[in-house]
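Worksheet: the structure to be examined is printed underneath.
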Amino acid sequence: MAIVLCCTTESQEKWVAEFRRQAPDLDFRVWPEAGDLAEITHAVVSAPQLGALAQLPKLQVIHSLWAGIDHITRDPDLPADTPILRMIDP
């Protein structure tokens, strides 16, 4: 299992630092230098590049860093059967 962060916002470096601090043993990668894309099963995203998620052949879950998911579903190449998770603010 490998997780990739696909983030085109200014908060990318903060997310990278926090993932690496909280889970140093996790196979965590950052798009677009994500290595072998066939190893990635989970994507954590905020405004991912169009077509990026379609390049992940073993993608099992997409997790939005935002409450909404329109930044994900606007992609015409979005893998149709991949579940999308989103954050909910209490």
*Identify all residues within the range 54-65 that are at pLDDT 95 or above, buried (at least 16 other Cβ atoms within 10 Å of the Cβ) and part of a loop (DSSP other than H, G, I, E, B); write none if there are none.*
Leu56, Leu59
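Could you identify the single residue in Asp77, Asp89 that is free of Cβ contacts under 8 Å to residues at least 60 places away in the same chain, touching a Gly at 6+ places or on another chain (Cβ under 8 Å), farther than 18 Å from Leu5 by Cβ and part of a loop (DSSP other than H, G, I, E, B)? Explain how you work it out, then say what you get.
Details: Asp89 fails: touching a Gly at 6+ places or on another chain (Cβ under 8 Å).
Exactly one residue qualifies, and that residue is Asp77.
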*Near pairs, Cβ below 8 angstrom, 6+ apart or cross-chain, from the range 17-28 (closer than 11 Å to Ile3 by Cβ) to any residue that is open to solvent by 70 Å² or more (accessible area, probe 1.4 Å) and part of a loop (DSSP other than H, G, I, E, B)*: Asp27/Met1
_Out of everything in the range 66-90 that is within 21 Å of Ser11 (Cα to Cα) and of a type in the set (Val, Ile, Thr), what residue ends up being surrounded by the most Cβ atoms within 10 Å (Cβ to Cβ)?_
Ile72
*Filter the range 1-49 down to residues that are closer than 13 Å to His63 by Cβ, among the aliphatic types (A, V, I, L, M) and touching a Pro at 6+ places or on another chain (Cβ under 8 Å), then give me how many there are.*
0
*Identify the residue in the range 1-53 that is open to solvent by less than 20 Å² (accessible area, probe 1.4 Å) and assigned to a helix (DSSP H, G or I) and, among all such residues, is modelled with the lowest pLDDT.*
Val16
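The values are calculated or read from the model by the stated rules, or taken from the named source; none is laboratory data. Just so we're clear, the structure is a prediction, and the values are computed from it rather than from any experiment. Ideal geometry is used to build each Cβ from the backbone, glycine not excepted, and the neighbour counts take in all protein chains shown. To get the accessible areas, we keep the full protein, side chains included, count just its heavy atoms, and leave off ligands, DNA and RNA. Shrake-Rupley method; radii C 1.70, N 1.55, O 1.52, S 1.80 Å.
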